[in-house]
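Below is one structure, written out as structure tokens; the observations come after it.
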Amino acid sequence: MNSSVAMMILGLVLGIGILIFLVLKTKIHAFPALIIAASITGLVGGMTPPTVIEAITAGFGNTLASIGLVIGFGVMMGRILEISGAAERLAFTFLKWLGKRKEEWALAMTGYVVSIPIFLDSAFVILTPLAKALSSKTGKSVIGLGVALGLGLTATHHAVPPTPGPLGVAGIFKVDVGMMMLWGLVFAIPIVITGVYYGKWIGKRIYQLPNEDGTDWVRPDQPQTFQEFVEMEERKNLPSLMRSMLPILVPLVLILGNTILSALELKGGVYDYFVFLGSPVIAVGIGLLIALYGLFGHLRRSEALERMEEGIQSAGIILLVTGAGGALGNVLRESGAGEEIAKLIAQTAIPAVLLPFFIATIVRLIQGSGTVAMITAASIAAPIISSLDVNMALAAQGAALGAMIFSYFNDSMFWVVNRMLGIRNVKEQILTWSVPTTLAWAVSLVMLVVANWIVG
């Protein structure tokens, strides 16, 4: 190994080490920390200062150019679904379809659908009262119901655009959003199944029900009936199933249609218009309009705008972190570090598709945020494996799914789940959320290896 290659690799190691230190031990946020790491990686790796600046700005801009608008539209649509009752309508509908004794399945399926446009923490907070009500009416442990709901939400939150995390990963890997979505929808299914069965098991181990007003936790002698719960939900003024589903369903169909047409290389004439409608920006924009007029028709203009702007406020930091991740990735490309490390990996027996998965795993364990972990892993891995014979859509899913492992004290979702479900004992907190997220991670690893073997 010559001295220039050694300096490139040293720059990367030093940059990532400083990134982890800044996020874990200082008050510096992940956004400036990523930019600092990119600068150090480039300078130590042998790039001139002007070249480092050019690589950072180009990487930041190019990444947000591909996915920034989609994230903006997506979070506005998600906010509408949150406060209109559409998410609760979906949960209630699945429950009616599946019937009694399938409550875990109903909540997991709800999570699978709802978390595509809605942020994970928000969706859990919105739907937990439904799990509590269902628990008190049927006598099923709220812990089991909550875990099934939480893992259903986590599955698509990590795997399916236009959720900002996987959408940012797709942008950094330069993967077609429709392919990312398609693989994500498939990979999320075994995770949901895992959540349901673990939920059933943990519900028997930690049997806990809310009291009548939901302020404490008890074990009632005489649970009310499933039918009483259904009647209570039917009395609520929720939007119809069609109005609740369309804002999610239409963009998914349009984007997947675009992917199919592109794969078949159908161009010209009417096909160009279908490709236009199926581009992620236009498709999610259409979903936003459907949500706005289908679910917010009763609101005044000023109130509707205010609600959508609330969504944008929560998306701002996601955009910055995603752009900064793109900047770090571009520095790795321009410095040559990515190419050199790729040569070293190619000489080993490790499947290159697993590199982003394990990088995301390590970063998640160190600093807690799933979104930061997957963006960081994508930024590091994409320029390394781009020159190797790797299915980039699977690699992108690896970065997204690897970030699920062992959610614990440094992850906000760990506290949201345990506080909302009334779990105070540390051992029970780990059983309630750390263990199922790790099971989902293990299932994802197996699926990734199998998918890579089939595709490869």
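The values are calculated or read from the model by the stated rules, or taken from the named source; none is laboratory data. Keep in mind it's a predicted model, so treat the numbers as computed, not measured. Quick reminder, even Gly has a Cβ in these numbers, built from the backbone with ideal geometry, and neighbours come from all protein chains shown. The protein model used for the area step is the full one, side chains on, heavy atoms only, and it has no ligands, DNA or RNA in it. Shrake-Rupley method; radii C 1.70, N 1.55, O 1.52, S 1.80 Å.
Tabulated data
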quantity	calculated
Nitroxide proxy distance, nm - points 7 Å out along Cα→Cβ at Glu309 and Lys25	4.2
Share of Cα-Cα pairs in the stretch 3-455 lying beyond 42 Å, as whole percent	16
Dipole moment magnitude, nearest 20 debye, the stretch 269-394 about Cα centre, only Lys, Arg, Asp, Glu C-beta charged	200
Pair Leu98, Thr438: separation of 7 Å Cα→Cβ label points (nm)	2.6
Calculated from backbone phi, Karplus (6.51, -1.76, 1.60) coupling profile of the stretch 315-326 in Hz, x at Gly/Pro	8, x, 5, 4, 4, 5, 5, 4, x, 5, x, x
Given charges at beta-carbon only (K, R positive; D, E negative), |dipole| of the chain in Debye	780
Solvent accessible area, Å² - Met420, 1.4 Å probe, full protein context	50
Radius 15 Å from Cβ of Met7, net charge of other residues (Lys, Arg +1; Asp, Glu -1)	-3
Charge tally in the Cβ shell below 14 Å around Ala30, where Lys, Arg are +1 and Asp, Glu are -1, Ala30 excluded	+2
Exposure rank, largest accessible area first [Tyr198, Tyr112; 1.4 Å]	Tyr112, Tyr198
FRET efficiency, 1/(1 + (r/R0)^6) with R0 22 Å, evaluated for Ala349 and Val449 via beta carbons	0.95
Sum of -39500 (n - 2.57) over DSSP H runs of 4+, divided by residues of the chain (222 nm, nearest 500)	-25500 deg cm²/dmol
Note, ³J(HN,Hα) from phi for the stretch 25-38, Karplus 6.51, -1.76, 1.60, rounded to Hz, x at Gly and Pro	10, 10, 8, 6, 6, 4, 5, x, 4, 5, 5, 4, 4, 4
Inter-label distance for Ala263 and Tyr293, nm, one decimal - labels placed 7 Å from Cα along Cα-to-Cβ	3.2
J(HN,Hα) series, the stretch 53-58, from Karplus relation 6.51 cos²θ - 1.76 cosθ + 1.60, nearest Hz, glycine and proline x	4, 4, 5, 5, 5, 5
Relative contact order [Cα under 8 Å, 6+ residues apart], the chain, whole percent	22
Accessible area (Å², 1.4 Å probe, nearest 10) - Val270	90
Potential extension, Arg300-Lys236 segment - 0.36 nm per residue separation minus Cα distance	20.9 nm
Zone of Leu10's modelled label, taken as backbone nitrogen in the stretch 26-52 under 19 Å from a point 7 Å along Cα→Cβ	37-49, 52
